[in-house]
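First comes the structure, then the notes that go with it.
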């Protein structure tokens, strides 16, 4: 399944699936992050870019579909799906990401440090350019907005939080629902 299949709502499979949460304490009915498995053989699903489960859309962060400048980042756990939290002009979800170099450095220092989670990053599916774009800070967000002919937002990259990003994406997406 590729990005075009997702956008055209073409299913990769119609087999029944179930999920396992990535964190033991995440007991929500539909978690923010999860691994999906085929029900008939308990095999973990790793290939499709997205899964629709009980009316919610979940995406993975594949480097293949990632904006060029974001390819140096990897999710904490590969094959993990993240629930879309905001729809509109852009499809938005969040994932714990870490730079590939820092990931490698942590493992070399001590393998136990590999389990330290990366920072939560906001990711948008840019429907115009057919790519995933990670919004790392205020400057990155404003560059993205200018590319899409949307007015820049006032913010400061030094104290820019994921909560501010969520609010800004919410405001941008509202008119497109």
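No lab work stands behind these numbers, since they all come straight from the coordinates. Bear in mind the structure is a predicted one, so any value in this text is a computation, not a measurement.
Full extension of the chain between residue 131 and residue 46 gives 28.7 nm of extra length, using 0.36 nm per residue less the Cα-Cα distance.
The value for the stretch 133-177 of Rg(Cα) / (2.2 N^0.38 Å) is 1.08.
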